[in-house]
Amino acid sequence: MTATSHPPTAMKQRCFTETAPDATIHCQIIDLGRQVYVWASVGANTKLNNLYMAIQTPAASTPSVATLLPASAASNEANAFAQRLAMRLKRPVLCSWNIPASEPLLQAIAEKRLLKELKEMLEST
């Protein structure tokens, strides 16, 4: 068996904030070449509370999701967002979504901005 070599991929990163009503959303996107890492958090207490990996498999129409870090209260949202991104991007997604489930407006604002940034980031490749 021989190892296949792949050309090195330059890692790209974007960090940004989105001002929403009554909160500031902090985001980070890292394009790792074959996969994408996305992190979003609200307020001054910005930390990595959970981490999911979603990957499309030939066996299912919905990407499979694995928990890599124990979940917080927003875990269902993180799980679902990782799946949606993996379906859209057609590549594995690592996702840490730290926006409370009780804040659907903040979640919608964060998702819209992340998708906009991802689109711009991936088109520049």
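Listing for the model above:
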read-out	value
Verdict on residue 32 being at pLDDT below 90 and under 14 Å from the mean Cα position of the chain (by Cα)	no
Failed item in (1) modelled with pLDDT under 95; (2) of a type outside the set (A, V, I, L, M); (3) not in a helix (DSSP H, G or I), with residue 37 passing the rest	(1)
Residue 113 of a type in the set (D, E, K, R), assigned to a helix (DSSP H, G or I), surrounded by fewer than 18 Cβ atoms within 10 Å (Cβ to Cβ) and at pLDDT 95 or above	yes
Matching residues, the stretch 85-110, being of a type in the set (D, E, K, R) and buried (at least 17 other Cβ atoms within 10 Å of the Cβ)	91, 103
Candidates 68, 85 - the one that is modelled with pLDDT of 90 or more and in a strand (DSSP E or B)	68
Residue 108 assigned to a loop (DSSP other than H, G, I, E, B) and over 12 Å from the mean Cα position of the chain (by Cα)	no
Selected residue (criterion: modelled with the highest pLDDT) from residues of the stretch 71-82 that are of a type outside the set (S, T, N, Q) and assigned to a loop (DSSP other than H, G, I, E, B)	71
Cβ pairs under 8 Å, 6+ apart, first in the stretch 99-111 and more than 16 Å from residue 17 (Cα to Cα), second of a type outside the set (Val, Ile, Thr) and modelled with pLDDT of 90 or more	100/106; 101/107; 103/23
Failed item in (1) over 9 Å from the mean Cα position of the chain (by Cα); (2) at pLDDT 90 or above, with residue 95 passing the rest	(1)
Those residues of the stretch 11-63 which are of a type in the set (Val, Ile, Thr), buried (at least 19 other Cβ atoms within 10 Å of the Cβ) and under 18 Å from residue 86 (Cα atoms), in sequence order	29, 36, 38
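The values are calculated or read from the model by the stated rules, or taken from the named source; none is laboratory data. Since this is a predicted model, take the numbers as computed values, not measurements. Positions of Cβ are generated from backbone atoms using ideal geometry, with glycine treated the same way; all protein chains shown enter the neighbour counts.
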